[in-house]
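Here's the structure, in structure tokens; my notes come after.
The values are calculated or read from the model by the stated rules, or taken from the named source; none is laboratory data. Note that the coordinates shown come from a computational prediction; the quantities given were computed from them, not determined experimentally. Note that we place each Cβ from the backbone using ideal geometry, even for glycine, and neighbour counts take in every protein chain shown. For the accessible areas, the whole protein counts, side chains as well, though only heavy atoms, and no ligand, DNA or RNA atoms are used. Shrake-Rupley method; radii C 1.70, N 1.55, O 1.52, S 1.80 Å.
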Amino acid sequence: DEQGQIVQWVGTCTDIDDAKRSKETLQAANDELGLRVVERTSELHAAKEAAEAANRAKSEFLANMSHEIRTPMNGVIGMTSLLLDTPLTEQQHEFAETIQFSGEALLTIVNNILDYSKIEAGKLELEIVDFDLAHVVRGTLELLERTAKSKGLELRAFIDPDTPTELRGDGGRLRQVLINLIGNAIKFTPRGEVKLHISVDRQTKEKAFLFFRITDTGIGITLEAQARLFQAFAQADSSTTRRYGGTGLGLAICKQLVEKMHGDIGVESAAGAGSTFWFTVELPIQSKGVARIAPQETKAVSLRGKVELGNDGGPVWPQRILIAEDNAVNQRVATAQLKKLGYAADSVANGLEVLEALGRIPYDIILMDCQMPELDGYETTRQVRNKGGRQPYIIAMTASAMQGDRELCLATGMDHYISKPMRIADLKSALDEAASLAGESIDVGVLANLRELTGEDSPEILLELIELFSASTPPLLSQAREALGNPSDLAVIAHTIKGSCSNFGARAMEALCFQLEQLDGDGGSAAAEKLVAAIEREFLNVCAALDSHRPAQRGK
């Protein structure tokens, strides 16, 4: 009314029970959905953690499997290789070759599984270093020649004359692709030939696009089977697997490696008509220029009996070698391989023994097993490096071959890396590298040691010592030649020369004399003669280092 008082009212009544129930139902549904999202997220997180843990467990298993398999395989392959270079009957030689072939086949399977695991995990990386294409091809043929020859197959390779050969990239992985494809061609070819042809598809100033063709006269492949060839664990058919063996990983790995080199891979074949596998790669050309191979056919040449001592024309170095290896068989393999290359060595079983041995003898080189009891190779290397002073050249010997193992060895202070089974060619390469580094340090080592003996202010004494060393050593070397075949007299002369070398800091020459002094009666005059010749060459190197400093000394 006019006074603002309510005098009547009108209301409505609506039943909202259903709406309330719908809202409550919707809220409950939302709550349940949120709970499920949280639960699902938690499940996914747990599944992710479980998958990562499983992947780590798989990697650890593969690493352990690699180590456990490679350790005995080092003994099998290493000792068989040495056995084949001894006098054997025809039947014994055949048996030994079968053992070696079986060992190499097992090692290939292990390597393929590890490589595929790395690829699957995205951890396979390519090295980018200088390499010679012709050397890669020649090395491939040398590895496969014996298998081809045993089947009566002709194995040939051609490199077009306009193909650049001084390239950059991962020559080892390129060789792996070639070995796999050519090895398969040999395996599936009962008669005829296997031929590799390399040409340059196109090139720029910086890069070469190469085209590889591997042609065989083998059993061929059906179109249906070709579609499965480059898939993991695939073979042409089950009967092929039973007859020829294989994991079916090789071609899948080749495809991945070729693609990492910005290339492609394929096959042209028909059942019963042979096959041609081809692939392309893109590789940088070395900056120093484009070397091209002369028109030629590269033929496989057997390496049997042609392992040379030391560098070409250079001294055999070093002689004071220590093998650190807890496995007795592997110790024996390394010792025998070194002996075949002309070296002697001592052996210890763990890192603590390495440190104790270094306290007694200044070893030039250590073959260091990474997995040892008491003190492993990594920690041993760290302790050796932390001590400072004169340092040995340390070569890692490891049965581990997973991603990062090589980098770990180098990061701890090791100088070189060899994976087991240790092949004699890899060992020789590592020793040659150590020798080249030793040669570079002759000048510094000799003069530093002399100045320590005579003092910086005594050039006259220094010159007198140089003249005395230069005049007295040649007669001793002549006496050593006359004493060849007489180990006792030779040892006395070697000991005398070694003493002078020690005073002068001529470590490589001293090491040679040490081995000559330790040469036993069974060493034979041939081994002694090689050592005497090496000492004579090293003496010339030392004299050259001394002569380069004579004018400066006389001018003081």
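Details
- Any chance A53 is more than 30 Å from K420 (Cα to Cα) and of a type outside the set (S, T, N, Q): no
- Evaluation of A270 against (1) at pLDDT below 60; (2) open to solvent by 20 Å² or more (accessible area, probe 1.4 Å); (3) more than 30 Å from L167 (Cβ to Cβ) (one fails), failing number: (1)
- Restricting the stretch 393-452 to residues that are open to solvent by less than 30 Å² (accessible area, probe 1.4 Å) and among the hydroxyl-bearing types (S, T, Y), the residue that is modelled with the highest pLDDT: Y393
- The stretch 74-95, residues that are in a helix (DSSP H, G or I) and among the polar types (S, T, N, Q): N74, T80, S81, Q91, Q92
- Filtered residue count, the stretch 363-385, keeping only those that are part of a loop (DSSP other than H, G, I, E, B) and among the aromatic types (F, W, Y): 1
- Whichever residue in the stretch 191-230 is at pLDDT 90 or above and among the acidic types (D, E) and, among such residues, is farthest from S275 (Cα to Cα): E193
- Members of the stretch 344-362 that are part of a loop (DSSP other than H, G, I, E, B) and either modelled with pLDDT of 85 or more or surrounded by 23 or more Cβ atoms within 10 Å (Cβ to Cβ) (or both): A349, N350
- Residue satisfying condition, being in a helix (DSSP H, G or I), aliphatic (A, V, I, L, M) and at pLDDT 80 or above, within set A47, A51, A63: A47
- D160 farther than 24 Å from A252 by Cβ and open to solvent by less than 50 Å² (accessible area, probe 1.4 Å): yes
The rows are residues; the columns are (1) of a type outside the set (G, A, S); (2) in a loop (DSSP other than H, G, I, E, B); (3) touching a helix residue (DSSP H, G or I) at 6+ places or on another chain (Cβ under 8 Å).
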residue: K149; (1), (2), (3): yes, no, no
residue: D162; (1), (2), (3): yes, yes, no
residue: I179; (1), (2), (3): yes, no, yes
residue: L196; (1), (2), (3): yes, no, yes
residue: R202; (1), (2), (3): yes, no, no
residue: F211; (1), (2), (3): yes, no, no
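- Residue check for N55: of a type outside the set (A, V, I, L, M) and either touching a residue at least 12 places away in the same chain (Cβ under 8 Å) or closer than 30 Å to F101 by Cα (or both): yes
- Residue in the stretch 308-318 that is at pLDDT 85 or above, more than 25 Å from Q100 (Cβ to Cβ) and open to solvent by 50 Å² or more (accessible area, probe 1.4 Å) present: no
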